[in-house]
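Report on one structure; see the data block that follows.
The values are calculated or read from the model by the stated rules, or taken from the named source; none is laboratory data. Owing to the predicted nature of the structure, the values given are computational and were not obtained by experimental measurement. Here the Cβ is made from the backbone with ideal geometry for all residues, glycine too, and neighbour counts use every protein chain on show.
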Amino acid sequence: MFDRQPFFNQAKRLVVKVGSNVLTSDQGLNLPVIYELSKQIRQLMEKGLEVILVSSGAMAAGQKKIGLARRPDEIPKRQAIAAVGQPGLMLEYEKAFGVYGIKVAQILLTGDDLNASRDRYLNARNTLNTLLSWKIVPVINENDTVVVEEIKFGDNDNLSAMIALLMNADLLINLTDIDGLYTGDPRRQTDVELISEVETIDDSLETIAGDIPGALGTGGMLSKVRAAAKVTNAGIPMIITNGRQADILNQLFSGKRIGTFFVPAKEKLSNRKCWIGYNIKPKGTIRIDDGAAKAIMKQGKSLLPGGILDVLGDFGVGDAVELSGANESRIAVGLVNYSSSDIRKIMGCRTDQIQACLGEKLCDEVVHRDNLTILNECLI
C-alpha cells in the first residue's frame, strides 16, 4: 500500500480546486459549503500552509440566478451568465473568509495570461506570491466573460493544474461531488470500486474516466485525470475527493485514506521546464524515431537532426514545438534552435553535415535538453 501521508505532512503550498457541483445547489450557491471550505482553509493557514483556491461556480451561479433551465451553447450567452454569477460568487467568499479575519483576492485569467509570454507568466506568479506573503487567499477562476476558444484553459481542472505548476505547489486537491475516481460511474452503476491510488496514467485509465461525465461544470472525470497527468509529471501529487464530505481537507491532512491519490514523479520540474511543457502553445511538430525518443526520455539527451523523421508546421528559431514518436504519440515539448525550413534540410543528417546543408552551423542540437520538457515517460 502506497504511503501518501508524507506528501501531506511536508506540504507548504497547496492548490485547492472546487467544482461547480460542490458549490451550487438548486437554490444557487451552496453557502454552507462555501463557509465550511473557508473554515477549513483558515485552519490550514493557521498551521502554516499557503492556500490558493481555484473556484468554479460563476456560470452555474449565474445560470440559476437568471433562471435558465440549462446552460446555453452560444458563447456570448455563456459569457453573460458568468458576468452575472462571478460577483455573487466572490461576495460570498469575501463574507465567509471575513468571519475569520481573512481577506480574499479575485484573480481572473485566460490562457493568454500564462501562454502568451514569459513576462505575463512571471507577472502572474509574482502577484500570487505577494498575495500569499500577505496571508491573503487568491480565488482564481477563468475569465469566462471574455474567453474565446483560442485562449481558454478548457476548464478549471486544467486551470488548477496550470496554477499548481506556476506556483510550484506541493499538492493539488481537486474537490468534486463524488468520492474519487471509480472503475465506472458510481452514480449509474453499483458494481464499481474506488481507485485509491494511481501510479501510471495511461489510455485505459482515460477510458475509464471518460465514462464519468460532469453535470453543471464543463469538466468531467477525464479532465481531472488529464490535469493529474500534468502535475504528477512535474512532481506534484494530486488527489480527487468529495468536496461535500464533512471536514474533508482536515481529514486528508490528518491521515485518512480517502479519495484517489495520483502519485507524482520522483523529481519536481523547474519553473522554466513547467512553462515550456505546459504553458507555451506549440507552433509545430517534429516527429522523431524510436532511437531519438529513447535517448531523450531515458538518457536525458538533446534532440539531434539524425533522429528526425518529419517536420509539421512552420516555426522560427526559439519557438515551441511538440516532439512526437514514430507512432505520433505526443512525448515532449521543446524550444528549437533552427527554423522549420532549416530542420527539413538537416533532418536525418549527422551533426558534422549541418554546415554543408545550411551553409552555417548554429549548434549540434535541434532542441537542447535544457529547453525540453518530457510529457509522457510511459511511451517508451
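Among residues of the range 1-30 that are under 16 Å from Val54 (Cα atoms), those with a Cβ under 7 angstrom from a residue that is of a type in the set (Ser, Thr, Tyr) and not in a strand (DSSP E or B), sequence gap 6+ or separate chain, pair up as Val15/Ser160; Lys17/Ser160; Val18/Ser56; Gly19/Ser56; Ser20/Ser56; Leu23/Ser56. Among the residues making up the range 24-46, those that are among the hydrophobic types (A, V, I, L, M, F, W, C), buried (at least 16 other Cβ atoms within 10 Å of the Cβ) and at pLDDT 90 or above are Val33, Ile34, Leu37, Ile41, Leu44, Met45.
Yes/no per residue for (1) hydrophobic (A, V, I, L, M, F, W, C); (2) in the same structural domain as Met167 (by TED's automatic domain parsing); (3) exposed (fewer than 15 other Cβ atoms within 10 Å of the Cβ):
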{"residue": "Ala295", "(1), (2), (3)": "yes, no, no"}
{"residue": "Ser302", "(1), (2), (3)": "no, no, no"}
{"residue": "Gly313", "(1), (2), (3)": "no, no, yes"}
{"residue": "Gly325", "(1), (2), (3)": "no, no, no"}
{"residue": "Met347", "(1), (2), (3)": "yes, no, no"}
{"residue": "Arg350", "(1), (2), (3)": "no, no, yes"}
{"residue": "His368", "(1), (2), (3)": "no, no, no"}
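Quick check, is Gly255 closer than 26 Å to Gln43 by Cβ, in contact with a strand residue (DSSP E or B) (Cβ under 9 Å, 6 or more places away or on another chain) and not aliphatic (A, V, I, L, M)? Taking the combined requirement at face value, the residue does not satisfy it. Within the range 75-116, the set of residues being β-branched (Val, Ile, Thr), over 24 Å from the mean Cα position of the chain (by Cα) and surrounded by fewer than 17 Cβ atoms within 10 Å (Cβ to Cβ) comprises Val99 only. Scanning the range 31-56 for residues that are of a type in the set (A, V, I, L, M, F, W, C) and touching a residue at least 60 places away in the same chain (Cβ under 8 Å) gives Leu31, Val33, Ile34, Leu37, Ile41, Leu44, Met45, Val51, Ile52, Leu53, Val54.
Counting only residues that are among the hydrophobic types (A, V, I, L, M, F, W, C), more than 10 Å from Leu304 (Cβ to Cβ) and surrounded by 12 or more Cβ atoms within 10 Å (Cβ to Cβ), the range 352-362 holds 3 of them.
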